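Read the structure below first, then the notes.
Throughout, read-outs are computed from the coordinates displayed, never taken from laboratory work. Keep in mind the model is a prediction, meaning the values are calculated, not measured. Quick reminder, even Gly has a Cβ in these numbers, built from the backbone with ideal geometry, and neighbours come from all protein chains shown.
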Amino acid sequence: AGVALTFVRAELAVNRTEIWRLIAPSVGANTVAVTLVNPAVETACISISVTGANQTTPISNQAAATGNTAAPSVTVPSAVNRLVIGFVTSERNNTDAQITPGAGQTQRFSQSGPTVDRPRIETTDELGAASVVTNWTLAAATNWIAQVIDLDVAGAPPAGPAAGLRTLAMTGVGI
């Protein structure tokens, strides 16, 4: 309790997205408290817990992109036996603006604001490779921000096929 997170990166377009991290948090259920500079701003937060990540330098690479299309996409250098976690937020432009993850990605969390003029946010993960393209399809062209982080595993990679890396557990909670 009361442990500060470390800032990783931020992107600002129409919306602002930030990534923060905490290495080796306390085991068990924990609370993530967010203090906003401007609490009147629409906010969505996701807390992700990943087990099995490298505890010294868990994030090997990171990348981001912004645009106004129906196809958010960002590429990050990675490697086999790593996990790439992607985050995308988009305006909904008064429609539901569903977000569909690209091939090979597993959707972990998806949330919209309470009204159709609020942003939508989604989190996915996929197995690492030399270069990973993380992409989504939107129902219509709109402003979006996409960020990805490349997570390194602790110790030797799991035995067997690369799919064994899915033993890394990720859960998302929206606020």
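Taking 0.36 nm per residue of separation and subtracting the current Cα-Cα distance, fully stretching the chain between Cys45 and Val27 would add 4.4 nm. Close amide H pairs (under 5 Å, H built 1.01 Å from N) link Arg9 with Ile19, residues at least 5 positions away or on another chain.
What does the charge count near Ala4 come to, summing +1 for each Lys or Arg and -1 for each Asp or Glu among other residues with Cβ under 15 Å from its Cβ? Computed value for this residue: 0. Note on Ala130/Asn38: beta-carbon distance plugged into 1/(1 + (r/R0)^6) with R0 of 41 Å gives a FRET efficiency of 0.50.
For Leu12 and Thr57 in one chain, what is 0.36 nm times their gap in residues minus the Cα-Cα distance, to one decimal in nm?
13.7 nm
Shape analysis of the stretch 1-86 places it in the oblate category; the axes a ≥ b ≥ c from the Cα gyration tensor give an a/c of at least 1.5, with a/b not above b/c.
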